[in-house]
1. Which one is modelled with the lowest pLDDT, of the residues in segment 1-22 that are surrounded by 10 or more Cβ atoms within 10 Å (Cβ to Cβ) and either more than 16 Å from ARG37 (Cα to Cα) or touching a Leu at 6+ places or on another chain (Cβ under 6 Å) (or both)?
2. Just wondering, is there one or more residues in segment 97-114 that are within 30 Å of ALA140 (Cβ to Cβ), in contact (Cβ under 8 Å) with a residue 24 or more places away in the chain and of a type in the set (Asp, Glu)?
3. Taking segment 144-173 on its own, how many of its residues are more than 18 Å from LEU41 (Cβ to Cβ), assigned to a helix (DSSP H, G or I) and at pLDDT below 95?
4. Any chance you could count how many residues in segment 95-139 are of a type outside the set (Ser, Thr, Tyr), modelled with pLDDT of 95 or more and not in a strand (DSSP E or B)?
5. Would you mind listing the helices (runs of 4 or more DSSP H) fully within segment 1-78 where at least 1 residues are closer than 30 Å to ASP126 by Cα and in contact (Cβ under 8 Å) with a residue 24 or more places away in the chain?
6. Mind checking which residues of segment 73-94 are closer than 12 Å to ARG128 by Cα and either surrounded by fewer than 16 Cβ atoms within 10 Å (Cβ to Cβ) or at pLDDT below 95 (or both)?
7. Which of the residues spanning segment 123-145 are of a type in the set (Lys, Arg) and in contact with a helix residue (DSSP H, G or I) (Cβ under 9 Å, 6 or more places away or on another chain)?
Amino acid sequence: MSQRSIGRAADEVDVLVDAWRRERPDLDVAPLEVLSRVSRLARHLDLARREAFAAHDLEPWEFDVLAALRREGEPYTLSPGRLLQVTLVTSGTMTNRIDRLEAKGLVARVPDPHDGRGVQVVLTTDGRARVDAGLTDLLAHEREILSALPASDRDLLADLLRRLTLPFDNAAD
């Protein structure tokens, strides 16, 4: 067992790190101790998202678009271009997503009052109800995932993850 797991229950990452240390003692495999856990946690979060959204007949991508509109506040409207920036997808993908959400009655296209040639995407009443319900369920799942950590540890973890991801977020600008 690795030094870090002595006195603690070993997890799957401990097992794989120990195996790599045995097989490749010439490599520093310490990054695996953090990032393999982050990767595994990401899989659990993806499953929790899918479960929370499926209960409201939403796919994760649908929630992402609806949530971008919902976070805007009244009148819950964004241009397709702004939706592209917020959701980090291509123009063709966004057009397809808006079409599909519009067919389900979750968004509508309306003329842009500031540009006679443009359109705005607006969240419908049903879209707002679904995104709100999906968010409520998602937060319940996420609270459960974090329940093993006291609030002070969650705050510390959030700060550490912020510092780790900030360079990537700034590189996207």
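The values are calculated or read from the model by the stated rules, or taken from the named source; none is laboratory data. Please read these numbers as outputs of a predicted model, since none were measured by experiment. Using ideal geometry, Cβ is built from the backbone for each residue, glycine included, and neighbour counts are taken over all protein chains shown.
1. Step by step, filter segment 1-22, then rank; the result is MET1.
2. So far as segment 97-114 goes, no, none of its residues is within 30 Å of ALA140 (Cβ to Cβ), in contact (Cβ under 8 Å) with a residue 24 or more places away in the chain and of a type in the set (Asp, Glu).
3. Residues of segment 144-173 that are more than 18 Å from LEU41 (Cβ to Cβ), as a first pass: 151-152, 166-167, 169-173.
Adding the requirement that they be assigned to a helix (DSSP H, G or I) leaves 151-152, 166-167, 169-171.
Applying the additional criterion that residues be at pLDDT below 95 yields 166-167, 169-171.
Total satisfying the criteria: 5.
4. Looking only at that region, the number is 24.
5. Counting at least 1 such residues, we get 30-54, 60-71.
6. Within segment 73-94, GLY73, GLU74, PRO75 meet the criteria.
7. Correct list: ARG128, ARG130.
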